[in-house]
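These notes are about the structure you will find just below.
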Amino acid sequence: MWSFGAGFVRIGLYGGTFDPVHLGHIHAAQSVQQRLNLDRVHMILSARPSHRDQPQTPNDHRWKMLQLACAEHEKLQADDSELRRPGKSYAVDTLRAFRQQNPDAQLCWILGMDSYRTLPTWQNWRELLQYGHLVVVHRPGPIAESDTDPVLNAFEQRHRAESIDGALAGKIAFLSLPMMAVSASQIRCRRSAGESDQALLDPLVWSYINQHQLYLTQEG
């Protein structure tokens, strides 16, 4: 059972390369926002990701598509803080900056189960809980046993909670939500093969992709 405190701002942080941003991203962000009663969700564009290959699509195109996708959703805010910060894009730096700017807010870093299982490869990953909560989204049903790093398993056991309540930071919570079966890599592959995934994209994003002839090849 999820319960909430009162009297403070609740902010979700959802990072990604968004290459391209698709309706699955928007659906996930809105679903978490509604379930946790977040005041807003910052959709944070990862400019120079540290634990994956650099996106082939230039930052300016990815940023414009993210702005278009968020434009009609009151609770979603396209965020360029990692674009404006030099160097590699580390989640811990972003979350620390948000904590400095919002000392009395409840901060929730939103990530999927696949990303969560890579957490020990992230820069200073244990520090994340000093600044906010980790909200791990997974599909409905029991969470499958995994072969995750035993260090992560031990960390999870110390910090896992059924509810974030009124705490501003420090907990790992798992949120079961229906998810759209779509990925950015799927869209890129289908586009480069001459197939259409228009139904999986915001109309404004689809128009932008066509206008700028993006993803016509595997290189973007």
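Any read-out appearing in this document is the output of simple, stated calculations on the displayed coordinates, not a laboratory observation. Please read all numbers here as calculations on a predicted model, not as lab measurements. Note: ideal-geometry Cβ built from the backbone for every residue, glycine included; neighbour counts use all protein chains shown.
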### Summary
Row for the stretch 62-138, column shape: gyration tensor on C-alpha, a ≥ b ≥ c, rounded if a/c < 1.5 i.e. under 1.5, prolate if a/b over b/c, else oblate; value rounded
### Query
Which whole-number percent gives the relative contact order of the chain, counting Cα pairs below 8 Å spaced six or more residues apart?
25 percent
#### Entry: Over the chain: helical MRE at 222 nm, DSSP H runs n ≥ 4 each giving -39500 (n - 2.57), nearest 500
-9500 deg cm²/dmol
## Note on the structure
Among (i) 1, 7, 15, 19, 20, 17, 12, 7, 3, 1, 0; (ii) 1, 5, 8, 11, 13, 16, 15, 12, 9, 5, 3, 1, 0, 0; (iii) 1, 7, 17, 21, 23, 18, 9, 3, 0, the entry matching P(r) over Cα pairs in 5 Å bins from 0, in percent as calculated here is (i)
### Query
Quick one: if you stick a label point 7 Å off each Cα along the C-beta vector at ASN102 and LEU83, how many nm between them?
1.9 nm
### Summary
Expected max-MSF residue from GLY24, GLY12, GLY132 in the GNM of the chain (alpha carbon, under 10 Å) is GLY24
### Task
Note down the net charge around ALA154, summing +1 for each Lys or Arg and -1 for each Asp or Glu among other residues with Cβ under 13 Å from its Cβ.
+1
### Message
Can you tally the net charge around ARG35? Count Lys and Arg as +1, Asp and Glu as -1, for every other residue whose Cβ sits under 13 Å from the Cβ of ARG35.
### Response
+2
